[in-house]
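Working notes for the structure below.
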Amino acid sequence: MRSLAIVDYDMGNLRSVQKAFERLGHAAEVTRDPDRIAAAPGVVLPGVGAFGACMANLAAFGLVEPVRYAIASGRPFLGICLGMQLLFEESEEFGDLPEGAYTYFVHSYYPVPSDPAVVVTTTQYGVEFASSVACGNIFACQFHPEKSQQVGLLLLDNFVRQIAGGG
């Protein structure tokens with residue numbers, strides 16, 4: 001099987017995602033080459049950082065359209081953490097706060113899908129939130145499977161098996 005494409009937009013935990021796939025015996029290539037992304041049997045969009053900066057980097061490297069094409073093509077697509085949030089229309093990260101407001105910040109960003117039918121799992125941590133979503137060929141999780149021990153590796157292996165099995 002050809003290598004999975006791990007989208008490189010100069011942010012995030014690219015190598016740890018790649019190493020997790022390789023530990024399972026699956027070839028995975030970190031790339032920002034639109035042709036490689038277009039030819040890959042499956043595409044992974046990992047992410048660590050701020051929503052706006054990630055979108056800016058995707059645009060700067062000309063990767064917004066290749067990512068959209070990968071999703072529209074029907075090939076398996078995996079969004080991880082911020083890679084999940086980037087699938088949504090907007091983020092309130094670093095916004096919607098009145099001037100002079102007092103806040104207690106704990107990294108607590110999570111998407112709120114407008115269609116609850118896409119929610120696969122929820123997690124209770126102070127509030128209940130969508131921790132993974134799926135729609136057609138897209139699966140995305142707020143957590144980091146590459147850092148989640150055996151359960152995370154099983155998720156990544158299942159993603160590759162979906163590719164190998166054709167769906």
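The values are calculated or read from the model by the stated rules, or taken from the named source; none is laboratory data. Values in this document were obtained by computation on a predicted structure and should not be read as measured data. Using ideal geometry, Cβ is built from the backbone for each residue, glycine included, and neighbour counts are taken over all protein chains shown. Heavy atoms of the whole protein, side chains included, go into the accessibility calculation; ligands, DNA and RNA do not. Shrake-Rupley method; radii C 1.70, N 1.55, O 1.52, S 1.80 Å.
Tabulated data
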item	result
Residue match in the stretch 139-154 (condition: in a helix (DSSP H, G or I), open to solvent by 70 Å² or more (accessible area, probe 1.4 Å), polar (S, T, N, Q) and free of Cβ contacts under 8 Å to residues at least 12 places away in the same chain)	yes
Selection count, the stretch 44-65, where residues are out of contact with any helix residue (DSSP H, G or I) (no Cβ under 7 Å at 6 or more places or on another chain) and part of a helix (DSSP H, G or I)	8
Search result, residues across the stretch 15-36 that are surrounded by fewer than 22 Cβ atoms within 10 Å (Cβ to Cβ), of a type in the set (A, V, I, L, M) and either within 17 Å of K147 (Cβ to Cβ) or under 15 Å from the mean Cα position of the chain (by Cα) (or both)	L24, V30
Any hit, the stretch 47-66, residues being farther than 9 Å from A5 by Cβ and of a type in the set (V, I, T)	yes
Condition broken by E93, with the remaining ones in (1) modelled with pLDDT under 85; (2) open to solvent by 50 Å² or more (accessible area, probe 1.4 Å); (3) part of a loop (DSSP other than H, G, I, E, B) satisfied	(2)
Filtered residues of the stretch 76-90 (kept if open to solvent by less than 40 Å² (accessible area, probe 1.4 Å) and over 13 Å from the mean Cα position of the chain (by Cα))	none
Qualifying residue in the stretch 54-74 (condition: open to solvent by 80 Å² or more (accessible area, probe 1.4 Å), at pLDDT 80 or above, more than 22 Å from D8 (Cα to Cα) and not hydroxyl-bearing (S, T, Y))	no
Whichever residue in the stretch 1-12 is touching a Gly at 6+ places or on another chain (Cβ under 8 Å) and modelled with pLDDT under 95 and, among such residues, is nearest to A56 (Cα to Cα)	M11
Selected residue (only one of V112, V160 is of a type in the set (V, I, T), closer than 20 Å to L4 by Cα, at pLDDT 85 or above and not in a strand (DSSP E or B))	V160
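To keep it simple, each residue is scored yes or no on (1) touching a helix residue (DSSP H, G or I) at 6+ places or on another chain (Cβ under 6 Å); (2) outside any helix (DSSP H, G or I); (3) within 25 Å of Y109 (Cβ to Cβ); (4) of a type in the set (D, E).
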{"position": "R2", "(1), (2), (3), (4)": "no, yes, no, no"}
{"position": "H26", "(1), (2), (3), (4)": "yes, yes, no, no"}
{"position": "P41", "(1), (2), (3), (4)": "yes, yes, no, no"}
{"position": "V67", "(1), (2), (3), (4)": "no, no, yes, no"}
